[in-house]
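Note sheet for the following structure.
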Amino acid sequence: KAGVTQTPRYLIKTRGQQVTLSCSPISGHRSVSWYQQTPGQGLQFLFEYFSETQRNKGNFPGRFSGRQFSNSRSEMNVSTLELGDSALYLCASSPRTGFGEQYFGPGTRLTVT
Amino acid sequence: GIQVEQSPPDLILQEGANSTLRCNFSDSVNNLQWFHQNPWGQLINLFYIPSGTKQNGRLSATTVATERYSLLYISSSQTTDSGVYFCAGEFGNEKLTFGTGTRLTIIP
């Protein structure tokens, strides 16, 4: 089976812009979770989608949003980018909700200037 | 809030050595996972281990949920084992909380 794929792999944006990241899960996996990794805060949970519904959300402002499509692919959007949004954004897929085994993609490294 | 602490924070070992990484958590855990993040940032799932012991080749893990800790054992270390090891758990709040990580460096 193909693994989790994320696009783009690298991105440079300017403060105030918005960005959309994409994640394609392992075939058959219906749960997709997103995480932000920074040197200061470590790995933090953003949100989880299952069957096109957001099941839960981490402690992030409303500028961070996401959605899931009927084929389980997911997108994450960050509006009005801030310098502090520079991070590695990781998505993970799982065959079931409730944080079963998480299989991670390679990540998207976002730099905000 | 929930705390997931890992020790040691850094570990440098010679190739062939054995190591034990520890993960302590402050609340009851519904599931516990171990991950390896390689130098390129890829997170690899090592174990899904809410309780008990599992082994996979040179790696094994034990979670004692009642005492709120988990251990990851690496035997006969290889340079490819280098990277950061994270534990993560779901503590009834429907969020996956990650530990602070242990950075392992294996010297040839």
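A few comments on the model shown:
- A residue that is without any contact (Cβ under 8 Å) to a residue 24 or more places away in the chain and surrounded by fewer than 15 Cβ atoms within 10 Å (Cβ to Cβ) can be found somewhere in the stretch A:20-40.
- Among the strands (runs of 3 or more DSSP E) confined to chain A, the ones with at least 1 residues that are within 20 Å of B:Phe98 (Cβ to Cβ) are located at A:5-7, A:19-24, A:31-38, A:42-50, A:53-57, A:64-68, A:74-78, A:87-94, A:108-112.
- The one condition in (1) at pLDDT 95 or above; (2) at positive phi that B:Ile107 fails to fulfil: (2)
- Verdict on B:Ile107 being out of contact with any Phe, Trp or Tyr (no Cβ under 6 Å at 6 or more places or on another chain) and surrounded by 16 or more Cβ atoms within 10 Å (Cβ to Cβ): no
- The stretch A:62-101 - residue that is over 13 Å from the mean Cα position of the chain (by Cα) and crowded, with 22+ Cβ neighbours inside 10 Å and, of those, farthest from the other protein chains (Cβ to nearest Cβ): A:Ser94
- Count of the stretch A:3-32 residues which are in contact with a Ser or Thr (Cβ under 7 Å, 6 or more places away or on another chain) and at pLDDT below 95: 3
- Being within 14 Å of chain B (Cβ to nearest Cβ), in contact with a helix residue (DSSP H, G or I) (Cβ under 7 Å, 6 or more places away or on another chain) and over 26 Å from B:Ser51 (Cα atoms) is a property that A:Leu110 has.
- Close contacts from the stretch B:41-60, counting a first residue that is within 14 Å of chain A (Cβ to nearest Cβ) and a second that is of a type in the set (Asp, Glu), with Cβ to Cβ under 6 Å and a gap of 6+ residues or different chains, come to B:Asn45/A:Glu101; B:Tyr48/A:Glu101.
- Among the residues of this structure, A:Arg109 does not count as one that is over 19 Å from A:Gln44 (Cβ atoms) and either at pLDDT below 95 or charged (D, E, K, R) (or both).
- The test for being facing chain A (nearest Cβ under 10 Å), touching a residue at least 40 places away in the same chain (Cβ under 8 Å) and within 14 Å of the chain's Cα centre (by Cα) holds for B:Phe86.
- Filter pass, A:Gly40 being more than 11 Å from every other protein chain (Cβ to nearest Cβ), out of contact with any strand residue (DSSP E or B) (no Cβ under 7 Å at 6 or more places or on another chain) and closer than 19 Å to B:Gly41 by Cβ: yes
The values are calculated or read from the model by the stated rules, or taken from the named source; none is laboratory data. These numbers come from a predicted model, not from an experiment. Note that we place each Cβ from the backbone using ideal geometry, even for glycine, and neighbour counts take in every protein chain shown.
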